[in-house]
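The values are calculated or read from the model by the stated rules, or taken from the named source; none is laboratory data. Owing to the predicted nature of the structure, the values given are computational and were not obtained by experimental measurement. In this analysis, Cβ positions are derived from the backbone assuming ideal geometry, glycine residues included, and neighbour counts consider all displayed protein chains.
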């Protein structure tokens, strides 16, 4: 386990009111991590913070809450400054809209692309510069198996996540020499509000499972974490299917 990952470490979770982030915050709190929680809904953050204070009571953890707007790029630097010194950052924010609507509505398409890619990059550029200068820290980026190969059912969302995975891979190479780890998280379908009402979703898991896999991956400084683990093999097989065959498949 790395020096900056353990009881007393201070971790920023961005998008903290999402299903996965809530469960991850509970894991951190129960193990004595101090937390900075950021999201748009500050009232929900306060409720979550109160719950986490109870879960981490024996360690007397501190829990700070901050408002964060993913698309307010001009405010990201001020937001990062208000976080204070942290040992790690986990970006859990993203957006999955109806793919068919996004194909015909540019506003929906742009929002999905910007939240899932641009906003993450805007914030993580600031984090990376700070951690690199300090030679200290860990980063986790929530991508998706949807970014491993484009398919007709979700290629807009998948394109944003593919870009995010590539960004994280380059960031990992850049920061390695500074002792900063970057972990890319690639879940399959997760049973949260984002996937409510969707059918035919294979290997769907509860957010608790993904949260545990994120925590375990950070603890061992993993480069890439698939959740659940079988997705690693599934996507490896999908990536070697020849393009002439892949384009004929419908899913």
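Pairs are defined by a Cβ separation below 7 Å, a sequence spacing of at least 6 or placement on different chains, a first member in region 106-119 that is at negative phi and without any contact (Cβ under 8 Å) to a residue 40 or more places away in the chain, and a second member that is surrounded by 17 or more Cβ atoms within 10 Å (Cβ to Cβ) and part of a helix (DSSP H, G or I); the pairs so defined are 108/102. Looking across region 72-102, the residues that are assigned to a helix (DSSP H, G or I) and at pLDDT 95 or above come down to 73, 74, 75, 76, 77, 78, 79, 80, 81, 82. Restricting to region 166-195, give me the number of residues that are without any contact (Cβ under 8 Å) to a residue 40 or more places away in the chain, assigned to a helix (DSSP H, G or I) and touching a helix residue (DSSP H, G or I) at 6+ places or on another chain (Cβ under 7 Å). Matching residues across region 166-195 total 0.
Residue 149 meets the stated requirement of being modelled with pLDDT of 95 or more and assigned to a loop (DSSP other than H, G, I, E, B). Candidates are the residues of region 55-94 that are touching a helix residue (DSSP H, G or I) at 6+ places or on another chain (Cβ under 6 Å) and in contact (Cβ under 8 Å) with a residue 60 or more places away in the chain; the one that is surrounded by the fewest Cβ atoms within 10 Å (Cβ to Cβ) is 94. Comparison of 52, 47 shows that the only residue that is at pLDDT 95 or above and under 20 Å from the mean Cα position of the chain (by Cα) is 52.
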